[in-house]
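What follows is one structure encoded as structure tokens, with my remarks underneath.
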Amino acid sequence: MANAFNQEVVSYSRIGGAASLGLLIGLILFSFPAAADVYPVTGVWTAIDADFPAAASETCLAVKTFGVEAVSKKSISEMIIFAKDKRYDVKGDVQTETTIKSIKVADGGFRITESFSKRGSWLGFKRKTTYFLNVIDPQTIEIRDATGMARYAKCGPPQKPRI
């Protein structure tokens, strides 16, 4: 009788051990963060605007001299900073921060969907925005969205886009 009881306990502990091992493996796999999307460009970009006819080198000098205040001092019209999975926009007195939700290669460029990181939620739902980013050359990008199209010049050394 004791032998039958011991065999039942051993078989039950094997099943329990396998379930515990499966649970442990699942926890380990889910504890590592998923690989996040990153922007195909990085760094500081200033808007190329007809109302601000300064050359790209002049607008970049204004950014180096005044930083974000270059926009509020009206030295440049708009500035975008791409850093890993975040995008920071500075236009006038408004500064926004967005985070990549998805990025897809499409039509020679990138279809990017973002969500607003701060003050972008309404009743717990985060607002999303989608636009098309086209890398014209290492120093120039173009962004098209529902409001129109804008070109930006890179401040800093040229780099190759990530594809």
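The values are calculated or read from the model by the stated rules, or taken from the named source; none is laboratory data. The model shown is predicted, which means the values in this text are computed figures rather than measured ones. Cβ coordinates were reconstructed from backbone atoms using ideal geometry, including for glycine residues, and neighbour counts include every protein chain displayed.
Please specify each residue of segment 66-114 satisfying the condition of being of a type in the set (Val, Ile, Thr) and without any contact (Cβ under 8 Å) to a residue 60 or more places away in the chain.
Val68, Val71, Ile76, Ile81, Val90, Val94, Thr96, Thr98, Thr99, Val105, Thr113
Anything in segment 47-75 that is hydrophobic (A, V, I, L, M, F, W, C), at pLDDT below 75 and not in a helix (DSSP H, G or I)? List them, or say none.
Ala50, Phe52, Ala54, Ala55, Val68
Of the numbered conditions (1) at pLDDT below 90; (2) surrounded by 15 or more Cβ atoms within 10 Å (Cβ to Cβ), Val135 fails exactly one; give the number of that condition.
For Val135, the exception is condition (1).
Can you pull out every residue in segment 138-155 that is among the aliphatic types (A, V, I, L, M), within 21 Å of Thr113 (Cβ to Cβ) and surrounded by 14 or more Cβ atoms within 10 Å (Cβ to Cβ)?
Ile141, Ile143, Ala150
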